Amino acid sequence: MKKTILQITCFLASVLLVGNAVHAQVPGNGMPDFGAMGGFGGMPMTGGFGGFGGGAMPAGGMPDFGAMGGFGGFGGGAMPAGGMHDFGAMGGFGGFGGGAMPAGGMPDFGAMGGFGGFGGFGGADQGPEASDMKELPEKEDDSGFPMVKSLKAQKGIPDAMKFMDGKEANKDNWSTRADEISRLYQYYMYGVWPDRKGEKTTFEYDASKGLTIHIKRISTGKEGTMTVSVRLPDSSKVKMPEGGWPYLVAMTGGVQEQMALNQGVAVFTLNTGTIAADNNKHQGMFYELYPYTDNYKEQTGVLMAWAWGASKVIDALEAGADKVLKVNAKNSMVTGVSRWGKSTMVCGAFEKRFKMVIPSCSGTGGVAMFRYLSKGKTYDLTLLGGQKEYQYGDNEQLHNLQTTGGQGWFNNKFCQFRDPETLPFDQHMLCSLVADKDRYLFIIGSCTGEDWVNAPSMWAAYRATRAVYEKLGLGDHLACNIHLTGHAVTAEDMGYILDYFFQHVYGEKSKRNLTKLTSSVFELKQNKDPFFDSFGGTIPIPPIPPEK
């Protein structure tokens, strides 16, 4: 054992020596066994130790380290933005194993990011190239949707306000168009969102163990159990709002839990690894209830499965846990970073009961547009305290999501696409599914050390989504904070999140200037891509500098 530890220590030391030289541009295909080294370089500069195995070392392969899922994003880049903020801000030190060591089991580590996602934060979504893709032949079905091979490439960004038959959508028929978009995503990408009416949910609560949720699928009689860590605000330090504490469901730890608690927000942290394993084997509690088959009606990807897991917290609260915990079941937020940021976006699109949806650094498959790349583009980031000429390297693209490491996140149909322009949607349409008079979407991105995650593309999605929101009369229900560095929910982000939430939900006046959340450094004249203007929407220029 001592010899093993020494070998690992030596290896890590060698990593630190070479880190800055590769500057976060080892996408993983160079060393397939490590799959998602992701940012592997430039710890101080790129914040990207980056996802040591990024899930490429699955639990079970190396029992002692397998659950790490991938050494996360050791430097994470978030350290400059508010200190070490619970270790979670280190970009991935929050989550030793994608939730394999839930915060409920080690409450003292909860604020550290739950020690529950050590793999994945610093660029762990990077993976092998197309040569590692597994061919999944397309079969005829009764869906009524065109087969992938018959879809024609579409230049430019698909119009969210136009039905598949060409008819225009508007405020009056938006719910019908949103339903069509939802069905497109379920059929072509994320898989089926289970109908909770076919489930029975019960719960148990133990302050030392957390919230145990039991789910029974009525049609089959199959049952599953998941445990969620629970942290409640200190009522002696913060006043409980009428109706109970609002709450945040965290897909992973390391999302500024203590800041939320200090402002009177309860925190529930998932152990996503027990809900659905982060691989393409379709294992875990969810798949025991909903087995994955060759039938498209019985295919739910891991991102959707994790999203379903987050929704079970609401089910448990509505089943009576709200009274036990003194939590307001309606005033909810959900967040996650990296692959859990992707799942957060999916969750917000399909679970309409979450009042505020906060995907962070989600990249492609989350908020970033498939059709917009920033590779090779140079940006002036001095307004945020960054470089004057920061050039973007490789971006995560469609084929990267279809490799062994990412395949399981989606359904079989998605793995048949080869050209992103043939997708019948782009991610502003997923974002638009949050549009509702009682709901809010808050997008987080990071400028530097995040080339792979592609912040300019997430900003493009915000711009395109804003045009939809404005047509629906919901322009003030959408926010975006692009911070300088950190593959995380940083202290800066959480400050804005809480102010935005309490202003919109509780009517409390924000101490921060929330106008900043309608623009970004990518709107500066020297950075702006004229392509953004084709989306429409009103954006104040120039962006407002971050508060000191």
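The values are calculated or read from the model by the stated rules, or taken from the named source; none is laboratory data. Just so it is clear, the model here is predicted, and its values are computed rather than measured. Here the Cβ is made from the backbone with ideal geometry for all residues, glycine too, and neighbour counts use every protein chain on show. Note: areas computed on protein heavy atoms with side chains; ligands, DNA, RNA excluded. Shrake-Rupley method; radii C 1.70, N 1.55, O 1.52, S 1.80 Å.
This table checks each residue for (1) open to solvent by 10 Å² or more (accessible area, probe 1.4 Å); (2) in contact with a strand residue (DSSP E or B) (Cβ under 9 Å, 6 or more places away or on another chain).
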residue	(1), (2)
CYS361	no, yes
GLY366	no, yes
MET369	no, no
LYS377	yes, yes
THR382	yes, no
GLU389	yes, yes
TYR392	no, yes
HIS399	yes, no
THR404	yes, no
Report task. Identify, by number, the condition in (1) in a strand (DSSP E or B); (2) open to solvent by less than 10 Å² (accessible area, probe 1.4 Å) that TRP340 doesn't meet. Result -> (1)
Query raised in the report: Given (1) open to solvent by 40 Å² or more (accessible area, probe 1.4 Å); (2) touching a strand residue (DSSP E or B) at 6+ places or on another chain (Cβ under 9 Å), where does ASP195 come up short, assuming only one miss?
Result: (2)
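So that you can scan it fast, the table gives a plain yes or no per residue for (1) part of a loop (DSSP other than H, G, I, E, B); (2) closer than 27 Å to ARG183 by Cβ; (3) touching a Phe, Trp or Tyr at 6+ places or on another chain (Cβ under 8 Å):
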site: ASN400; (1), (2), (3): no, yes, no
site: ILE444; (1), (2), (3): no, no, no
site: CYS447; (1), (2), (3): no, no, yes
site: PRO456; (1), (2), (3): no, no, yes
site: ARG466; (1), (2), (3): no, yes, yes
Query raised in the report: Restricting to the stretch 162-174, what's the tally of residues that are surrounded by 12 or more Cβ atoms within 10 Å (Cβ to Cβ) and within 18 Å of TYR469 (Cβ to Cβ)?
Result: 4
Query raised in the report: Any idea which residue in the stretch 224-240 is farthest from ILE275 (Cα to Cα), counting only those that are outside any strand (DSSP E or B) and touching a strand residue (DSSP E or B) at 6+ places or on another chain (Cβ under 8 Å)?
Result: PRO233
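One line per residue, one yes/no per condition, for (1) out of contact with any helix residue (DSSP H, G or I) (no Cβ under 8 Å at 6 or more places or on another chain); (2) buried (at least 24 other Cβ atoms within 10 Å of the Cβ); (3) among the basic types (Lys, Arg); (4) under 22 Å from GLN397 (Cα atoms):
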| position | (1), (2), (3), (4) |
| --- | --- |
| GLU470 | yes, no, no, no |
| ILE482 | no, yes, no, yes |
| ALA488 | no, yes, no, yes |
| GLU492 | yes, no, no, no |
| ASP499 | no, no, no, no |
| SER510 | no, no, no, no |
| THR515 | yes, no, no, no |
| VAL521 | no, yes, no, no |
| ASP533 | yes, no, no, no |
Query raised in the report: Hey, any hits in the stretch 263-279 for a residue that's hydrophobic (A, V, I, L, M, F, W, C), closer than 16 Å to LYS312 by Cα and assigned to a loop (DSSP other than H, G, I, E, B)?
Result: yes
Query raised in the report: Looking only at the stretch 512-542, which residues are part of a loop (DSSP other than H, G, I, E, B) and modelled with pLDDT under 90?
Result: GLY536, GLY537, THR538, ILE539, PRO540, ILE541, PRO542
Report task. Under 9 Å between Cβ atoms, at least 6 apart or on separate chains: pull out the pairs that start in the stretch 368-384 with a residue that is farther than 17 Å from PRO158 by Cβ and end on any residue that is open to solvent by 10 Å² or more (accessible area, probe 1.4 Å) and of a type in the set (Lys, Arg). Result -> ASP380/LYS388; LEU381/LYS388; THR382/LYS388
**Report entry** Residues that are under 22 Å from GLY486 (Cβ atoms) and either touching a residue at least 60 places away in the same chain (Cβ under 8 Å) or not in a loop (DSSP other than H, G, I, E, B) (or both), drawn from the stretch 385-398
**Finding:** GLY385, GLY386, GLN387, TYR390, GLN391, TYR392, GLY393, ASP394, ASN395, GLU396
Report task. Name, by its number, the condition in (1) in a helix (DSSP H, G or I); (2) in contact with a Leu (Cβ under 7 Å, 6 or more places away or on another chain); (3) of a type outside the set (Val, Ile, Thr); (4) farther than 24 Å from ILE275 by Cα that does not hold for GLU421. Result -> (2)
Query raised in the report: Is it the case that the stretch 320-329 has a residue that's touching a Pro at 6+ places or on another chain (Cβ under 9 Å), at pLDDT 95 or above and buried (at least 24 other Cβ atoms within 10 Å of the Cβ)?
Result: yes
Requested in this report: Starting from the stretch 308-333, keep only residues that are under 23 Å from TRP409 (Cα atoms), then list their pairs with residues that are polar (S, T, N, Q) and surrounded by fewer than 24 Cβ atoms within 10 Å (Cβ to Cβ) whose Cβ atoms are within a distance under 8 Å, requiring at least 6 positions of separation or different chains.
Outcome: LYS312/THR201
**Report entry** Failed item in (1) open to solvent by less than 10 Å² (accessible area, probe 1.4 Å); (2) more than 26 Å from ALA488 (Cα to Cα), with MET356 passing the rest
**Finding:** (2)
**Report entry** Per-region count, the stretch 208-261, residues aliphatic (A, V, I, L, M) and open to solvent by 50 Å² or more (accessible area, probe 1.4 Å)
**Finding:** 4
Query raised in the report: Out of curiosity, is GLY284 of a type outside the set (A, V, I, L, M), more than 12 Å from the chain's Cα centre (by Cα) and at positive phi?
Result: yes
**Report entry** Among the candidates GLY221, GLY273, GLY243, GLY254, residue that is in contact with a strand residue (DSSP E or B) (Cβ under 9 Å, 6 or more places away or on another chain) and either more than 22 Å from ILE443 (Cα to Cα) or modelled with pLDDT under 95 (or both)
**Finding:** GLY243
